[in-house]
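Here is the structure we will look at.
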Amino acid sequence: MPTTMTQSYYAATARDTAGFARLEGDIDVDVAIVGGGFSGVASALEFAERGKTVALLEAEKIGWGATGRNGGQITGSLSGDIAMAREFRRTIGDEADDYVWQTRWRGHDIIKNRVQKYDIACDLQFGHLQTALKPAHQRDLDDILAEAEWRGAADDYTMIAAADMPSYLETDIYCGGLLCRRNMHVHSLDLCVGEARAAERLGAKIFEQTKVEKIEHGARPCLHTKHGKVRAEKVLIAGNAYHGLERKTLSGKMFPASLANMATVTLGEDVARKINPHNLGVYDCRFVLDYYRCTADHRLMFGGGTNYSGRDSKDVAAALRPALERTFPRLKGIDIAFNWTGMDGIVINRIPQVGRIGENVFYVQGFSGHGIALTHTLAEIVSKAICAEIEEFLIYENVRHYSLPLAGQMGSQAVAIGMMYYKLKELLR
């Protein structure tokens, strides 16, 4: 089993590489967490701030999964927003639409405040541009702006006309864009490890290379690992697409999708500012979209081409290069310094899955490509529930989710076939 980070830009440029110890022996805590990505680490910090004793167990390295492999963009987009509003009405009625709007931004505030509070160096930058490739996309952007204006958030947005796009991006493929100053981008691995260190300073026990082999249920559940056990009052499963626990309950609910990303060699500040003058995170309006941004050391990080079959792309650079060069002709033939893949957890209705197995084993999973902000939001909600403030947790727990009777690779293939419908629908818009 690998015990080092994937060969990503994040791993190569991480500030803190000291790592964390492996669990040796048996311990007893208030809360035990499975998974050392954003959802697990953010939850550990929430519990530590509340004065709970907490142990987090990660099978590989902190941030090893999708947390250390994503595009680093923190946006208010929710791929399941319409379904969320519909399902949340089952619990909170007419407040659902307002609640979904607030959900868009809640994780932003948690992250921003946490970076400031704990002085986490993670290249946090503000500003994001959602781009239109055709008139149908522009209508989507018009709708987004109209809702922001109706909700009093117009000052966060600026619509960019086609004629003005060259002032924002050195490309001619877009017919417009919507700038959001509230959205952010970040070195996601540095953020995650920084939060883990903050939790550790508050007393949380963070363990790497400590795979949970099974959960023994009971009045005080026990996590079994090769080198020790953790017994706790409550357990939180937060491994998303990277764990295989509790298959009887969780199988068929969420499916892995392979995300591909790469980063160029250093462009230099002059070229980086020519192609992206305002240092924005960018993605387009398509169902399967391209997303990119410039890093702190002036590379272009470029991702896209989500593979819903659950299989990794064989040659990430070859797959993504045509889109990069079509977007920025200046970079034709540019050398790619890093390329990597990661597994995201996709839910059929695109609403994160939050629930309980019995009374004392909780789970949170399925962020469907929008995990940085949502993981922090749900970490706050789940930690409150485990600390006996259950009301908001019930909003998510009461959501009706769909399970496919197929698991593993067969289930992923079924999801991939379903996604073909949406890709075709996008082409015809």
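The values are calculated or read from the model by the stated rules, or taken from the named source; none is laboratory data. Since we're looking at a predicted model, the values are computed, not measured. No Cβ is skipped: glycine too gets one built from the backbone with ideal geometry, and neighbour counts run over all protein chains shown. SASA here: full protein model, heavy atoms, side chains in, ligands and nucleic acids out. Shrake-Rupley method; radii C 1.70, N 1.55, O 1.52, S 1.80 Å.
Placing a label point 7 Å from the Cα of Ala337 along the Cα-to-Cβ direction, the residues of the stretch 257-288 whose backbone N falls under 17 Å of that point are 261-276. For Arg181 and Asp30, a Förster radius of 51 Å and the Cβ-Cβ distance give a FRET efficiency of 0.80, rounded to the nearest 0.05.
With contacts taken as Cα pairs under 8 Å and at least 6 residues apart, the stretch 209-326 reaches a relative contact order of 21 percent. Highest-first packing order for the peptide set 337-348, 117-128 is 337-348, 117-128, based on the mean count of other beta carbon atoms within 10 Å.
Among the protein heavy atoms of the stretch 1-122, carbon and sulfur supply 45% of the accessible surface, probe 1.4 Å, non-protein parts ignored. Of Thr327, Thr249, the order by accessible heavy-atom surface (1.4 Å probe, DNA, RNA and ligands excluded), from most exposed downward, is Thr249, Thr327.
Relative protection proxy for 175-181, 140-146, from highest mean packing down: 175-181, 140-146 (other beta-carbon atoms within 10 angstrom). Per-residue extension of 0.36 nm, minus the Cα-Cα distance of Asp16 and Phe126, leaves a gain of 37.3 nm for this segment. P(r) for the stretch 242-323, from all Cα pairs and a bin width of 10 Å, is 16, 37, 26, 15, 5, 0 %, short bins first. For Phe362, the amide hydrogen comes within under 5 Å of the amide hydrogens of Val235, Leu236, Ile237, Ile357, counting only partners 5 or more places away or on other chains and with H modelled in the peptide plane. Shape descriptor for the stretch 177-335: Rg over Rh equals 1.07 (Cα atoms; Rh from the Kirkwood inverse mean 1/r).
Which whole-number percentage describes the relative contact order of the stretch 313-366, with Cα contacts under 8 Å and a sequence gap of 6 or more?
After rounding, I find 25 percent.
Of Lys384, Lys274, the order by accessible heavy-atom surface (1.4 Å probe, DNA, RNA and ligands excluded), from most exposed downward, is Lys274, Lys384. Span-like helix check, the chain: qualifying full DSSP H segments, with Cα axial length of 18 Å or more and mean Kyte-Doolittle of 0.0 or more, are 371-386, 408-428.
Step through the table entries Lys248/Lys384; Lys61/Lys214; Lys117/Lys234; Lys112/Lys205; Lys52/Lys234; Lys229/Lys384, compare each Cα-Cα distance with 21 Å, and write down the pairs that go over it. Over 21 Å Cα-Cα: Lys248/Lys384; Lys117/Lys234; Lys112/Lys205; Lys229/Lys384.
Between Asp98 and Arg201, what is the FRET efficiency for a Förster distance of 51 Å, r being their Cβ-Cβ separation, to the nearest 0.05? Step by step, r from the Cβ atoms, then E = 0.90.
A crude spin-label estimate for the pair Ala323 and Thr249, with each label 7 Å from Cα along the Cβ direction, gives 3.6 nm.
In the stretch 102-228, Cα pairs under 8 Å separated by at least six residues give a relative contact order of 28 percent.
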